[in-house]
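See below for the structure under consideration.
The values are calculated or read from the model by the stated rules, or taken from the named source; none is laboratory data. Values in this document were obtained by computation on a predicted structure and should not be read as measured data. Glycine gets a Cβ as well: all are built from the backbone with ideal geometry, and neighbour counts include every protein chain shown. The protein model used for the area step is the full one, side chains on, heavy atoms only, and it has no ligands, DNA or RNA in it. Shrake-Rupley method; radii C 1.70, N 1.55, O 1.52, S 1.80 Å.
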Amino acid sequence: MGSTVLFIIFVGLLHFISQVCGAPLAPALYVFGDSLFDSGNNNLLPTVSRADFKPYGVNFVEGDTGRFSNGRLVPDFIAEFLGLPYPPPSISIRTSTPLTGLNYASASCGILPETGQYLGKCLSLDDQIDLFQGTVRSSLPRHFKSSPDEQSEYLSKSIFVVCIGSNDYMSNYLEPRIYGTSKHFSPQAFAQHLLDKLSGQFRRLYNLGARKVVMYEIGPIGCIPSMTRKNKHDGKCVEESNQLVAYFNENLLGMLQNLTSTLPSSIFVRGHAHWLGYDAIMNPSKYGLLDTSNPCCTTWANGTSACIPELEPCPDPNHHYFFDGYHLTETVYSVLARACIDDKSVCAPTLKELVQM
């Protein structure tokens, strides 16, 4: 039995024990990002970027919830590790807001407000923070009526995880017929433009009470089937596209360190995961994978897009890296989550350390 499978079983056992014992490692988990983290917000939006149909969720106990995978996502594994329920999609909440966290992530959106909007309505990171602001200022005070200080302490101990930015390249910078971004910015200048915008957004989160924030790097977008099947390349990936996001990733740590040093009591952690995702593509057997090039499901547009509804996926999705033309399988998400939980080369401090700080 592979280490990844053992990790999935171990985290599930931890989740069960913590639910029985009622002792979570953090009071709440708040999730921001794009389709890699979206757990169903886009189900309720007028957009083509949705995953609320089979074969998505084929290996997930809750079925086709809107997660762009066959099973759990990184935030789900982190929630299990923390001993918390999976944070529900924020715009699905109609009654009392849960104190254990919410998921604001939205497929096809990005750091920039215009990114991905040609595909339909999505929640940009600004929109997601607006929703979080509503949570902090309107919903949470109902739970902390007697003591506003208690709410501040609750937020300061909560974990915030973010994964966003890939769409700012794939659904903005690399779409010159729709956006003029690549005409106005060099690759280096565009990366800095994104980081400057993101820094301001993280300051907003801080001002709303966030103190422990993990931001994952942008993954190797040049290796996804949507890229490799549309562009000429040598080897497994379109390295020119990977280089584009490398400019962003190389300067992400410095930006986060600057926030940590200037915002009192804050810890902004980089999820140094680009190389991990790339390594799994190049050395699949290390991660229990057999296919790191082709989507598991039958997709529209010859493997470059979303799954075609109701068609059977490949027999064993978790031996694949990609579930559709863009997104990953549960196996790969578990690798990315596990590394941040206990590997200092990926997250420093690790999530195990962060919850104790």
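Inverting the mean 1/r over all pairs of different Cα atoms, compute the Kirkwood radius of region 202-355 and quote it in Å.
This gives a value of 16.8 Å.
Using Cα positions and a limit of under 18 Å, work out the lysines in reach of Lys286, with same-chain residues fewer than 8 apart set aside.
Cross-link targets: Lys236.
Give me the net charge for the shell around Glu353: Cβ to Cβ below 13 angstrom, other residues only, Lys and Arg +1, Asp and Glu -1.
Within the 13 Å Cβ shell, the charges total +1.
Which values, in whole Å and largest first, are the semi-axes of the equivalent ellipsoid of region 114-153 obtained as the square root of 5 times each eigenvalue of the Cα gyration tensor?
31, 8, 5
Over region 63-170, give the accessible area per residue in Å² for a 1.4 Å probe, as an integer.
The answer is 32 Å² per residue.
Based solely on its DSSP helices, what 222 nm [θ] is calculated for the chain when runs of n ≥ 4 H residues each add -39,500 (n - 2.57) and the sum is averaged over all residues, nearest 500 deg cm²/dmol?
Value at 222 nm, helices only: -11000 deg cm²/dmol.
Mind checking which of Ala105, His233, Leu208 is farthest towards the positive end of the chain's charge dipole, using Cβ charges of +1 (Lys, Arg) and -1 (Asp, Glu) about the Cα centre?
Towards the positive end, the residue furthest out is Leu208.
Within the chain, which is the longest segment that contains none of the GluC sites (Glu not before Pro) sitting in a DSSP loop with at most 16 other Cβ atoms within 10 Å?
115-309
Can you give me the relative contact order of region 137-275 as a percent, contacts being Cα pairs under 8 Å and 6 or more apart?
Relative contact order comes out at 28 percent.
For region 279-337, what's the radius of gyration and Dmax over Cα atoms, in angstrom?
Gyration radius and largest Cα-Cα distance of region 279-337: 11.0, 32 Å.
Which percent of the accessible area of region 118-176 is formed by carbon and sulfur heavy atoms (probe 1.4 angstrom)?
47
Which distance in nm do the two modelled labels at Ser147 and Met282 give, with both placed 7 Å along the Cα-to-Cβ direction?
5.2
Please identify the chymotrypsin sites (Phe, Trp or Tyr not before Pro) of region 161-244 that satisfy two criteria: DSSP loop assignment and at most 11 other Cβ atoms within 10 Å. Which are they?
Answer in residue order: no site qualifies.
How are the C-alpha pair distances of the chain spread across 20 Å bins, as whole percents from the shortest bin up?
Calculated over all Cα pairs of the chain, the distribution is 31, 62, 7, 0 percent.
How large is the dipole of the chain about the Cα centre if only Lys and Arg carry +1 and Asp and Glu carry -1, each at its Cβ, rounded to the nearest 20 debye?
Result for the chain is approximately 560 debye, rounded to the nearest 20.
Counting only C-alpha contacts under 8 Å and six or more residues apart, can you give the relative contact order of the chain as a whole percent?
18
If I build a Gaussian network model for the chain, linking alpha-carbon pairs within less than 10 angstrom, which residue out of Phe77, Phe144, Phe323 has the largest mean-square fluctuation?
Phe144
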